[in-house]
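Inspection log for the structure reproduced underneath, given as structure tokens.
Read-outs throughout are calculated quantities, based only on the coordinates presented, and are distinct from any laboratory measurement. A quick note: this is a predicted structure, and the numbers were derived from the prediction, not measured. In this analysis, Cβ positions are derived from the backbone assuming ideal geometry, glycine residues included, and neighbour counts consider all displayed protein chains.
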Amino acid sequence: MVMTTDSTAAAKPNFVVQTWLNLVRFLKEVKAELKKTNWPTRNELTKYVVVVMTTIIVVAIFLFLMDKAAQFLAGHAFNIQQTTR
């Protein structure tokens, strides 16, 4: 019986080593991409935060008012008595 050895199998790293090498390569690529990123300045970031917070507050007030209007209309349509807590 003649046994043959596959030379490519010996050169191929096992699963754990290959996974580790892929992870290291991925993190190096992430670092390179982050260096290319155009980050906002502190002033721009402050403006963006103000816009987002203002939008959240306006939408919250709008939804609160729509909820109260729906409660009012449903209460009158179905003659529901409001109880105070």
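For region 47-58, the condition holds for no residue, the condition being that it is over 24 Å from the mean Cα position of the chain (by Cα) and surrounded by 10 or more Cβ atoms within 10 Å (Cβ to Cβ).
Within region 59-85, being loosely packed, with under 10 Cβ neighbours inside 10 Å and either part of a helix (DSSP H, G or I) or touching a residue at least 24 places away in the same chain (Cβ under 8 Å) (or both) holds for 76, 77.
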